[in-house]
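Here's the structure, in structure tokens; my notes come after.
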Amino acid sequence: MKTQWKKTLLACALPAAMALAAAPASALEFYYNAYGGFVPGTATNFPAPVAFSNENVAHNTSGELHATIEETYQQLSWGTEVTGHSNLALNEAGFEPPVGPWNNITGHNLDPDPDMIGHEWINGAVTVSNDFGSVLGWLTHHNEVISEPFTGTVDIHYNLDLYADAAKTNLVWASPEMEFQLEVWETPNVEGDCPPGADQSVCDDRFRYRLLPAGDFDMFDEGLGSFMYDDGTGEKKYNITASGFYGADGELHGEFWSPEEGDNTAYVNFEVHEAPEPATLALLGLGLAGIGWRMRRRKAA
């Protein structure tokens, strides 16, 4: 009798679990502003001089969750014209991700708050349950050969606002002030002494980043937050995650290797996924348990 009950349970749970896994992605979209910049005074171990440029300035929004106005800066440079002078820029115009496989950036340097002029914003849309997501921001390295190898870090404050409508009147989630840390590795420019993964004639430079305070320098599905939203079929929970660095080909590489004496860009993506309901998780767990029970039965036979 127990064996028949298990067979019946498997016959119901396994197809249901498989159907859930194969369910088509939702077409629900959210519209977003993403913005932020380098934090002055946080650069450590860079060769002097170090300069933060305020040519492009970003602030928090004046919304409820962004009540504090804090200046951040978009550009960071180090070194001298004699030994080499490198520059980093966030979301620099002209280096947007290529459309296909990337979503189109619908706006750049468009400030939704006319009282705060000078923001560096990017705008776009993200489709729920799309595993590629949409671009959260990009880092461009204007790379010169620096004679002094070093490993340095600098902090980046960043924000993400999600809206239910293209006009951006219905705010569904506004991030807290997110603080990332970027690690810059200026490698030795000596042929044959380059690290694995770098060009072996003139060493590439490496960039990694993490979400503070406890993140690792391996950004993959890093949780940024969650929110509740009713799409007309009931209120559901949505999770937001970020990953990077991506290359222009849309492939996730994790580390960003920047060849010398060029303008090189890498990208960070974010995704929005509907959180599985407890009943769905239980059903999936039941299906997996059934698969394990069936495999054990086969081995016993």
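If I stretch the segment between A27 and E261 completely, what's the gain in nm (0.36 nm per residue apart, minus their alpha carbon distance), one decimal? List each step's numbers first, then the result.
Values: separation 234, 0.36 × 234 = 84.24 nm, distance 4.23 nm.
Residue separation times 0.36 nm, minus the Cα-Cα distance, leaves 80.0 nm.
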How much of D230 can a 1.4 Å solvent probe reach, expressed as accessible area in Å² and rounded to 10?
80 Å²
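Could you work out the Kirkwood radius for the stretch 128-253, taking every pair of different alpha carbons, averaging 1/r and inverting it, reported in Å? Working shown, then result.
Numbers: mean 1/r = 0.0579 Å⁻¹.
Its Kirkwood hydrodynamic radius stands at 17.3 Å.
Provide V39, V184 ordered by accessible surface of protein heavy atoms (probe 1.4 Å), highest first. Mind dumping the intermediate values first?
On the way: V39 20, V184 0 Å².
Order by accessible area, largest first: V39, V184.
Based on the Kirkwood radius over alpha-carbon pairs, what value in µm²/s does the Stokes-Einstein equation return for the translational diffusion coefficient of the stretch 136-181 at 37 °C and 0.692 mPa s?
Details: Rh = 14.1 Å.
It diffuses with D of about 233 µm²/s by this estimate.
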Given a 1.4 Å probe and heavy atoms of the protein chains only, how would you sort V272, V50, largest accessible area at the top?
V50, V272
Let me know the Rg and Dmax you get for the stretch 199-253 when you use only its Cα atoms, in Å.
17.1, 59
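The values are calculated or read from the model by the stated rules, or taken from the named source; none is laboratory data. Computed from a prediction, not measured in an experiment: that's the story for all the values here. Ligands, DNA and RNA are stripped out before the accessible areas are found, and what is left, the full protein with its side chains, is counted by its heavy atoms. Shrake-Rupley method; radii C 1.70, N 1.55, O 1.52, S 1.80 Å.
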